[in-house]
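Engineer: Here you go, one structure.
The values are calculated or read from the model by the stated rules, or taken from the named source; none is laboratory data. These numbers were taken from a predicted model, which means no experiment stands behind them. When we count neighbours, we look across all protein chains shown, and the Cβ atoms used for this are built from the backbone with ideal geometry, even at glycine. When the accessible area is computed, the model is the full protein with side chains, heavy atoms only, and any ligands, DNA or RNA have been set aside. Shrake-Rupley method; radii C 1.70, N 1.55, O 1.52, S 1.80 Å.
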Amino acid sequence: MSVNSRLIAAPPEVIFGVLANGWLYPVWVVGASRMRAVDDHWPARGAKIYHSVGIWPALIDDSTTLLEWDPPRRAVMQARLWPVGEATVRLDVEPHEGGGAMVTITEEPSSGPLAWLPGPAAELPIKVRNVETLHRLAYLAQGWAR
């Protein structure tokens, strides 16, 4: 399991505005390269977004399912990134005293090669990827908060 946190200079409602727009998923999620479709009922529980991973021409079509949606506090997703596997991803957002919000992303591989590796071997690549994922989410949310 990997846990990363970042202070984002935007209120929780704006951060959830970014998360609510399924078409923005490949903009803030490292590894997703394009969107193919978003269920009409996104961001309702059980809704899916359909993305591709990889670099053209070697793209793999996959999806992410929303497991929990509790704005402006928490979103939980089951992300599929085959051939790497699947992971449960939780985003917790808490208002910060000085303004903005502290966003914590917790990702735990649930199937596939990363789930089979011992803790640190799987955790490091996820941790490094999620540093950039939170960086991208911050850019989007802070841009909208202006």
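Engineer: Would you check if ALA121 is on the phi < 0 side of the Ramachandran plot, surrounded by fewer than 17 Cβ atoms within 10 Å (Cβ to Cβ) and in a helix (DSSP H, G or I)?
Structural biologist: Details: on the phi < 0 side of the Ramachandran plot: yes; surrounded by fewer than 17 Cβ atoms within 10 Å (Cβ to Cβ): yes; in a helix (DSSP H, G or I): yes.
So ALA121 fits the description; yes.
Engineer: Separate question: For MET102, which of the numbered conditions (1) free of Cβ contacts under 8 Å to residues at least 40 places away in the same chain; (2) open to solvent by less than 80 Å² (accessible area, probe 1.4 Å); (3) at negative phi fails to hold?
Structural biologist: The failed condition is (1).
Engineer: Among the residues of region 49-97, count how many are open to solvent by 20 Å² or more (accessible area, probe 1.4 Å), closer than 19 Å to LEU24 by Cβ and hydroxyl-bearing (Ser, Thr, Tyr).
Structural biologist: The number of residues fulfilling the criteria is 2.
Engineer: I need the strands (runs of 3 or more DSSP E) fully contained in region 1-118, keeping only those with at least 3 residues that are farther than 19 Å from ASN130 by Cβ and out of contact with any helix residue (DSSP H, G or I) (no Cβ under 7 Å at 6 or more places or on another chain).
Structural biologist: Result: 48-55, 58-70.
Engineer: When residues of region 54-99 are filtered for being of a type in the set (Asp, Glu) and farther than 24 Å from SER33 by Cβ, how many remain?
Structural biologist: Number of matching residues: 5.
Engineer: Okay, next question. Checking the conditions here, which among ASP39, ASP70 is acidic (Asp, Glu) and in contact (Cβ under 8 Å) with a residue 12 or more places away in the chain? It would help to see each step written out before you state the result.
Structural biologist: Values: ASP70 fails: in contact (Cβ under 8 Å) with a residue 12 or more places away in the chain.
Just one listed residue meets the conditions, ASP39.
Engineer: Looking only at region 34-76, how many residues end up being more than 21 Å from THR106 (Cα to Cα) and hydroxyl-bearing (Ser, Thr, Tyr)?
Structural biologist: Total meeting the criteria: 2.
Engineer: With respect to the numbered conditions (1) farther than 19 Å from SER5 by Cβ; (2) open to solvent by less than 70 Å² (accessible area, probe 1.4 Å), which one is the sole condition not fulfilled by HIS135?
Structural biologist: It is condition (1) that HIS135 fails.
Engineer: Here's something else I'd like to know. The conditions are (1) modelled with pLDDT of 95 or more; (2) open to solvent by 70 Å² or more (accessible area, probe 1.4 Å), and ALA141 fails exactly one of them. Which is it?
Structural biologist: Unmet condition: (2).
Engineer: For region 42-67, enumerate the residues that are without any contact (Cβ under 8 Å) to a residue 12 or more places away in the chain and either in contact with a Lys or Arg (Cβ under 6 Å, 6 or more places away or on another chain) or among the hydrophobic types (A, V, I, L, M, F, W, C) (or both).
Structural biologist: Once the filter is applied, which keeps residues that are without any contact (Cβ under 8 Å) to a residue 12 or more places away in the chain and either in contact with a Lys or Arg (Cβ under 6 Å, 6 or more places away or on another chain) or among the hydrophobic types (A, V, I, L, M, F, W, C) (or both), region 42-67 yields only ALA58.
Engineer: Moving to a separate point now. Here are some residues: GLU97, GLU108. Which one is charged (D, E, K, R) and touching a residue at least 24 places away in the same chain (Cβ under 8 Å)? Write out each step before concluding.
Structural biologist: Numbers: GLU97 fails: touching a residue at least 24 places away in the same chain (Cβ under 8 Å).
Selected residue: GLU108, the only one of GLU97, GLU108 that is charged (D, E, K, R) and touching a residue at least 24 places away in the same chain (Cβ under 8 Å).
Engineer: Enumerate the pairs (first residue in region 4-28 and among the small types (Gly, Ala, Ser); second residue anywhere and at pLDDT below 95) with beta-carbon separation below 8 Å, excluding pairs fewer than 6 apart on the same chain, so at least 6 apart or on different chains.
Structural biologist: Here the result reads ALA9/GLY99; ALA9/ALA145; ALA10/TRP144; ALA10/ALA145; GLY17/TRP144, each pair linking region 4-28 to a residue that is at pLDDT below 95.
Engineer: Sticking with this structure for a sec: State whether one or more residues within region 15-31 are among the β-branched types (Val, Ile, Thr), surrounded by fewer than 17 Cβ atoms within 10 Å (Cβ to Cβ) and at pLDDT 95 or above.
Structural biologist: yes
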